[in-house]
1. Taking the range A:44-71 as the region of interest, how many residues are closer than 26 Å to A:F12 by Cα and touching a strand residue (DSSP E or B) at 6+ places or on another chain (Cβ under 8 Å)?
2. Working only within the range B:204-228, note down all residues that are within 20 Å of A:P230 (Cβ to Cβ) and either under 28 Å from the mean Cα position of the chain (by Cα) or open to solvent by less than 70 Å² (accessible area, probe 1.4 Å) (or both).
3. What are the pairs with Cβ atoms under 9 angstrom where one residue, in the range A:35-61, is without any contact (Cβ under 8 Å) to a residue 24 or more places away in the chain and the other, located anywhere, is among the hydroxyl-bearing types (S, T, Y) and outside any helix (DSSP H, G or I)? Sequence gap at least six, or different chains.
4. Answer yes or no as to whether A:V52 is surrounded by 18 or more Cβ atoms within 10 Å (Cβ to Cβ) and either touching a helix residue (DSSP H, G or I) at 6+ places or on another chain (Cβ under 7 Å) or not small (G, A, S) (or both).
5. Can you tell me which residue in the range B:171-180 is nearest to the chain's Cα centre (by Cα), limited to those that are facing chain A (nearest Cβ under 10 Å) and open to solvent by less than 50 Å² (accessible area, probe 1.4 Å)?
6. Somewhere in the range B:66-79, is a residue under 24 Å from the mean Cα position of the chain (by Cα), outside any helix (DSSP H, G or I) and surrounded by 15 or more Cβ atoms within 10 Å (Cβ to Cβ)?
7. For the range A:204-228, name all the residues that are more than 10 Å from every other protein chain (Cβ to nearest Cβ), of a type in the set (D, E, K, R) and without any contact (Cβ under 8 Å) to a residue 40 or more places away in the chain.
8. Applying the selection to the range A:109-123, what residues are crowded, with 17+ Cβ neighbours inside 10 Å and either away from chain B (no Cβ under 14 Å) or part of a helix (DSSP H, G or I) (or both)?
2 protein chains.
Amino acid sequence: VALLRLLVAGGFRKLVVCHLDHGLRGRAGAGDARFVGRLAAEFGLPLETKRVRVAELARTTRESIETAGRRARHAFFAECAAKHRCRRVMLAHHADDQAETVLWNLLRGSHGLQGIKPVQRIIVPDGGELEIHRPLLEIRRAELRTWLAAHGWEWREDGTNREPVTARNRLRLEALPLLNDIAGREVAELLVRAALADDDARQVADWALAQARVSDPQGRLHVRVLRALPAALQRAALARYLADRGVGGVTRDLLDRARAMLESDGPAKLNLPGGMWLRRREARLVVWHG
Amino acid sequence: VALLRLLVAGGFRKLVVCHLDHGLRGRAGAGDARFVGRLAAEFGLPLETKRVRVAELARTTRESIETAGRRARHAFFAECAAKHRCRRVMLAHHADDQAETVLWNLLRGSHGLQGIKPVQRIIVPDGGELEIHRPLLEIRRAELRTWLAAHGWEWREDGTNREPVTARNRLRLEALPLLNDIAGREVAELLVRAALADDDARQVADWALAQARVSDPQGRLHVRVLRALPAALQRAALARYLADRGVGGVTRDLLDRARAMLESDGPAKLNLPGGMWLRRREARLVVWHG
């Protein structure tokens, strides 16, 4: 609601309001859909709505509700985008969503403090590309609510956000308030800043790896080039190369064992997760399958 | 206790056991000192002990107990090092200390997931240099206890670690167990790994900045060199330069305002915290005082 009102206030005119009912909240979901319908009508904007049964989808594909929901939303946005001949999708994730995501990714073992990207390109199954923008990512939920309330504008709450049943809800309802209390400050704001710094670090690493020319034209890693670099850069180059080749579950320990292959008297072969191998041949490191 | 026993088991012979009683725990502190004395005697190692009143020191210097304690320890280690003509200090910080520190630094607003350094050089007030090593930084507290208990070796507990009064103790006793429960895994291990990755990112940035040759021989920033770099690298260069010049309280917003000075039609002067200025002159950026 806040995003739509801000976009309209900001002069955006060619908007399509898209609402997907996930079929998870029964009558409340239908109420949301009617509310969105009235909002679109108030601004004279075209409306696209659809109802899916995310719980059933998740059972069929054996995904989590969250993953199945995300996939259903992207498919729906892609349909709307094709129908209205536009590719840009604006989403209303805010700073508190970002803080939760950063903490959530940290607890799932991601390297660093990765958050939601402010701009993201997504390839959808039908071959189209969506450009996702999240303009509210540095604005707190409370600021948005205060702004809406100050104008007397209504919004809808998703009651399931208040139930400390999923891990993400527990982060929001239990962990973040406790961390705020211990720190004596708003941890969400620190996490949002940390995600920006983490994204910068990733871009600096991209630049450094390009600068170091660690790959040959076939994309294989140059052993002699790598050998001359600091250990941290060697790990970054190996991590990037293995990720690009679809090798998952890469630990720091594995990277250090791969680094041992850079020495001419080091091992020439290393077992990778997923039945793959890293081999040293003709002064190059290459991933081999099977 | 575990560190000393591991060092002895690992063949270290020229060790000096150093124990500083912080004067914070009365009789328990004196009991610790006697325990350490017996341990040193058991291995036939020289012992250095001292008692300070950290609470009084902290009142005098208006520092926190933690900061005053750290300063007193470093001064004591420097005294011992001078007396025994050695500079290497081994400290027993373990993976749980590291995890707490990473979370603690994050909550204090440090950029990224900075932990305790495994190796650190410290200049002590008398001009000497200490080389601090923390060989247990990737080993969990529980592993050390299990190892000691399996050999029937005693250790001492610091009862104040169990009181949820300081922010750090609350992190250990309240926040980390809650995060473990939500994540369904040992968050300490993730935080230790994240600190290693963060340290790598810092080294990659060091390399990238050296490679980009952003500074002239006088250490001033080259405007034209910076202008050609990606925004993330510009921010890294500016952050490093300002930190080296003693400018504190540098936010991302400030860095972005400094970046605007790279354009020839951008501002030529920027107010910095602490009454300093950043000025663009002769295609260089320089910090000016007053």
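1. Number of matching residues: 6.
2. Initially, the range B:204-228 is screened for residues within 20 Å of A:P230 (Cβ to Cβ), giving B:204-215.
The answer is B:V204, B:A205, B:D206, B:W207, B:A208, B:L209, B:A210, B:Q211, B:A212, B:V214, B:S215.
3. Partner pairs satisfying both residue conditions: A:V36/A:T49; A:G37/A:T49; A:A58/A:S64.
4. yes
5. B:L171
6. No, because not a single residue in the range B:66-79 is under 24 Å from the mean Cα position of the chain (by Cα), outside any helix (DSSP H, G or I) and surrounded by 15 or more Cβ atoms within 10 Å (Cβ to Cβ).
7. A:R213, A:R227
8. A:I116
The values are calculated or read from the model by the stated rules, or taken from the named source; none is laboratory data. Predicted model, so just to flag it, every value in this text is computed and none were measured. Virtual Cβ from ideal backbone geometry, glycine too; neighbours counted across all protein chains shown. All accessible areas refer to the heavy atoms of the entire protein, side chains included, with ligands and DNA or RNA removed. Shrake-Rupley method; radii C 1.70, N 1.55, O 1.52, S 1.80 Å.
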